[in-house]
Amino acid sequence: MKFFVDTADTAAIAELNDLGMVDGVTTNPSIIMKSGRDIREVTKEICDMIDGPVSAETVALDAEGMIAEGRELAKIADNITIKVPLTWDGLKACRVLSGEGRMVNVTLCFSANQALLAAKAGATFISPFIGRLDDINLDGMDLIADIRQIYDNYGFETQILAASIRSVNHMTEAAKIGADVATAPPDVIRKMAQHVLTDKGLEGFLKDWAKTGQKIL
Ligand code: E4P
């Protein structure tokens, strides 16, 4: 499973990237707002840092507007993925932009039918939002499983980009189901390294080591 980082925090991206944990980055208008930075400036910085797709989202509601904004965002760098919402106009924009050979991430997906439409419109990535479904007492993972089954049934090449990930369990479950990509906030990726038995085991080893009076260096 590829790891995308769901942030515009360039320091956090750089740290994870140095560890080889970053296959791409996703942003959205809320993430850009939280960064407090200009969309072109921060997106360019991320694109230069990362050897992989960097999603930048359009904000127009009509297809023509999304296409124009998508072409404009694509000028930032070669690794830009244009993110459009899963609306009827978003699907039209996806069709045109993907027909121009551009990477398109269709976002705000909450049903298997929406994902089926995005694949037929030529999306590079489909972004089902797990956490936001969980928030309304639905199971976001069921959606990932349904999309996996449908795409495999028909050999669609659109990659399932599990999004709105809030916990390390979401990462495990997305990987078990076979999501192609998971995009997660930096903290969730860091927490994947943690285990209480690792901490306890290390503590025990260090106590015993101290009793030996030895040094390695
Ligand atoms: C994905 O591309 C979105 O930017 C993101 O995962 C949304 O996550 P949220 O529901 O936590 O805002």
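Observations
- Near-label residues of the range 163-181 by backbone N, under 14 Å of a point 7 Å along Cα→Cβ of Gln194: 167-169
- With Cα atoms defining each centre, the range 1-74 and the range 121-147 are spaced 20 Å apart in the structure.
- Sites matching GluC sites (Glu not before Pro) across the range 141-217 that sit in DSSP coil, with at most 10 neighbouring C-beta atoms within 10 Å: Glu157
- Candidates Ala119, Ala56, Ala77: whichever shows maximal mean-square fluctuation once the chain is modelled as a Gaussian network with Cα springs under 10 Å: Ala77
- Cross-link table Lys34/Lys207; Lys2/Lys34; Lys92/Lys191; Lys75/Lys176; Lys34/Lys75, entries beyond 32 Å C-alpha to C-alpha: Lys34/Lys207; Lys92/Lys191; Lys75/Lys176
- Amide hydrogen proximity for Lys2: with H placed 1.01 Å from N in the peptide plane, the residues at 5 or more positions away or on another chain lying under 5 Å are Val181, Ala182.
- Inverse of mean 1/r across different Cα pairs in the chain, Kirkwood, Å: 18.3
- If R0 is 35 Å, the Cβ-Cβ spacing of Leu138 and Arg40 corresponds to a FRET efficiency of close to 0.45.
- Computed from backbone phi, the HN-Hα couplings of the range 174-183 come to 4, 5, 5, 6, x, 4, 6, 9, 10, 10 Hz, rounded to whole numbers (Karplus: 6.51 cos²θ - 1.76 cosθ + 1.60, θ = phi - 60°; Gly and Pro given as x).
- Neighbour count of at most 12 Cβ within 10 Å plus DSSP loop: longest trypsin sites (Lys or Arg not before Pro)-free window in the chain: 76-214
- Once the chain from Met33 to Lys176 is taken as fully extended at 0.36 nm per residue, the excess over their C-alpha distance is 48.2 nm.
- Apportionment of accessible area to carbon and sulfur, the range 2-212, percent (1.4 Å): 54
- Per residue, the chain exposes an accessible area of 53 Å² to a 1.4 Å probe, with every protein chain left in place.
- Relative to the dominant Cα principal axis of the chain, helix 88-99 is inclined by about 80°.
- With a simple spin-label model that places each label point 7 Å from the Cα along the Cα-to-Cβ direction, the separation between Lys207 and Lys120 comes to 6.3 nm.
The values are calculated or read from the model by the stated rules, or taken from the named source; none is laboratory data. Predicted model only: the values in this text are computed from it and were never measured. Cβ coordinates were reconstructed from backbone atoms using ideal geometry, including for glycine residues, and neighbour counts include every protein chain displayed. Areas reflect the complete protein model, heavy atoms only, side chains present, ligands, DNA and RNA absent. Shrake-Rupley method; radii C 1.70, N 1.55, O 1.52, S 1.80 Å.
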